[in-house]
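Chemist: Pasting in a structure now, in structure tokens, and then I'll have a few things to ask.
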Amino acid sequence: MAQDSSVYLGPRLRRIRRDLGLTQANMAADLDISPSYVALLERNQRPLTADLLLRLARTYRLDIASLGGEDGAGQATRLATILKDPMFTDIDPAPMDVTDVSTNYPAIAGALIRLYTAYREEQLALADQSAERENGGEGDALDPIAESRRFLAARRNCFPALDDAAEKLAESIAEAGGMSPYLKAKHGLRVRRLPGEVMAGASRRLNHHGREVLLDDSLDTASQRFQLALQIAYLELRREMEALLREGSFATENGRSLTHRALASYAAAAILMPYAAFARAAEARRYDVEALARQFGASFEQTAHRLTTLQKPGQERVPFFFIRVDQAGNVSKRLDGAGFPFARHGGGCPLWTLHQVFRTPRQIVTQWLELPDGQRFFSIARTVTAGGGGYGAPRAERAIALGCAADHAGRLIYTQGPAGVSPDSATPIGVACRLCHRPDCTARSAPPIGRQVLPDDHRRASAPFGFST
């Protein structure tokens, strides 16, 4: 190619190098150039020639289009579109200015785009919430979390194609003697465990240059196994995951990214807990989460999550719902395969033991639940811990609940004996205070939609609000 096809891509080259975990000397050795030349390229004091661009793509298995894609013309177009917003009417950037910023300072251009996108999403969310208050319409059309949850819920969080592929992978991994030997034999990658300060905030990192998978050595055994399975899923099940993503309709890139992450985690769990073997064990152990976790070398949360996926046609097991919350009631994971009416907005019912198990860490608490329409469910709840691994290391305590409809509860070990109690002693709960019309609930935080609140000039009820009949 002619010399005039050379381009200046310094900041982008530096970002690629850092993403790959390379030093300038590492990259120089890989590309057969001097470290000082890499430094000149990154400072835009030398152009990146077509030959070097091809060498870069070949060495690190990069898509050439991606080297100049979003950070190039695409990013410049997006930035130019953003600058047409009415709030920027007093700024008249020249086309060359926009191109120069996008090409020479892609990180700054990306930051501006991300900031503006966050601003727009917030504005749209506020508009959606306003519309929802006015007419009860859908308020989360552009919410990426809601998009991802809808994708999973529509498929009951069950992906047979991933299960089948993961099952074959699990067999190959077992034949190789484990995930570390498999990664070495199949991909030429060795596994190393390094201190957290060396990992710089990462739990797992694929080091292309060193042909290594690096793990934070403070991770417990179950987390390390999951991270290795996750890396294998990204390396070998990308085609299956992309095929599933193409089936979805995503209004936001974040919604697609979150769903991609969810599918990768699903695949990792399927590698650790292959469908057929796990389903048989679940029935044999009567869905004892702790016993299953020990049998498959997984954590309590990973195992509970995996139980929600056992709906493969012809091999269905108990349909479960799953939810994870923090102490403030924020929902960070929610999966429904049992028809449980989760609150889509606002907090859940405080009478559910899910919100009370923080008082009894790591102890399983069982509960029968009854909704206002008479539906009954059985749930177990327990706290789980993320992080930690050393003195002073940050950790997060969350609560998870796993449940099923009353019709299936008899198959669970937790309904046996005194701890299981009786469905007749079910706790009356609501989906959320604004949607619950139980009049005498002392735990109520807000009046239900559509009910007239009685004044308390002459009489104050024991419940927070009194309602007209």
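Laboratory data are not the source of any read-out in this text; all were calculated from the coordinates shown. All values reported here derive from a predicted model rather than from experimental measurement. For neighbour counting, all protein chains shown are included, and Cβ atoms are generated from backbone atoms with ideal geometry for every residue, glycine included.
Chemist: Counting other C-beta atoms within 10 Å, which of Met273, Met199, Met27 has the fewest, and how do the rest follow?
Modeler: Fewest to most other Cβ atoms nearby, the residues stand as Met199, Met27, Met273.
Chemist: Starting from the 7 Å offset along Cα-to-Cβ, what nm value, one decimal, do you get for the label separation of Thr81 and Glu167?
Modeler: The modelled label-to-label distance comes out at 4.3 nm.
Chemist: Ok, one more. Hey, with R₀ at 35 Å, roughly what FRET efficiency would Ser422 and Asp217 work out to, going by the Cβ-Cβ distance, to 0.05?
Modeler: After rounding to 0.05, the efficiency reads 0.15.
Chemist: Name the long-range amide H neighbours of Gly21: under 5 Å, sequence gap of 5 or more, or other chain; modelled H, no Pro or chain starts.
Modeler: Under 5 Å from the amide H of Gly21 lies no amide H from a residue far enough along the sequence or on another chain.
Chemist: How large is ³J(HN,Hα) for each residue in the range 265-275, as worked out from phi by the Karplus curve 6.51 cos²θ - 1.76 cosθ + 1.60 (θ = phi - 60°), to whole Hz, x for Gly and Pro?
Modeler: Karplus values, whole Hz, x for Gly and Pro: 5, 4, 5, 4, 5, 5, 6, 6, 10, x, 3.
Chemist: In vacuo Debye scattering of the range 235-289, one point per C-alpha: log10 I(q)/I(0) at q = 0.14 Å⁻¹?
Modeler: Rounded to two decimals, the profile gives -0.51.
Chemist: All other residues with a Cβ under 11 Å from the Cβ of Tyr8 taken together, and with Lys, Arg as +1 and Asp, Glu as -1, what is their net charge?
Modeler: Its environment carries a net charge of +1.
Chemist: Let me ask you something else. Mind checking the log10 I(q)/I(0) for the range 330-469 at q = 0.12, 0.19 Å⁻¹? Debye, one equal scatterer per Cα, no solvent, two decimals.
Modeler: Log10 I(q)/I(0), no solvent term: -0.59, -1.15.
Chemist: The range 140-290: D in µm²/s via Stokes-Einstein (Kirkwood Rh, Cα pairs, 4 °C, 1.567 mPa s)?
Modeler: For these conditions, the coefficient is 77 µm²/s.
Chemist: Sum up the charges of everything whose Cβ sits under 11 Å from the Cβ of Arg55, counting Lys and Arg as +1 and Asp and Glu as -1, but leave Arg55 out.
Modeler: -2
Chemist: Right, next: How large is ³J(HN,Hα), in whole Hz, for each residue of the range 31-48 in order, when computed from phi with the Karplus curve 6.51 cos²θ - 1.76 cosθ + 1.60 and θ = phi - 60°, using x for Gly and Pro?
Modeler: 9, 6, 9, 8, x, 5, 5, 4, 4, 5, 4, 5, 8, 6, 9, 9, x, 8
Chemist: Could you pull out every residue, at least 5 positions away or on a different chain, whose amide H is within less than 5 Å of the one on Val191? Hs are placed 1.01 Å off N in the peptide plane, and Pro or chain starts have none.
Modeler: Long-range HN contacts for Val191: Val213.
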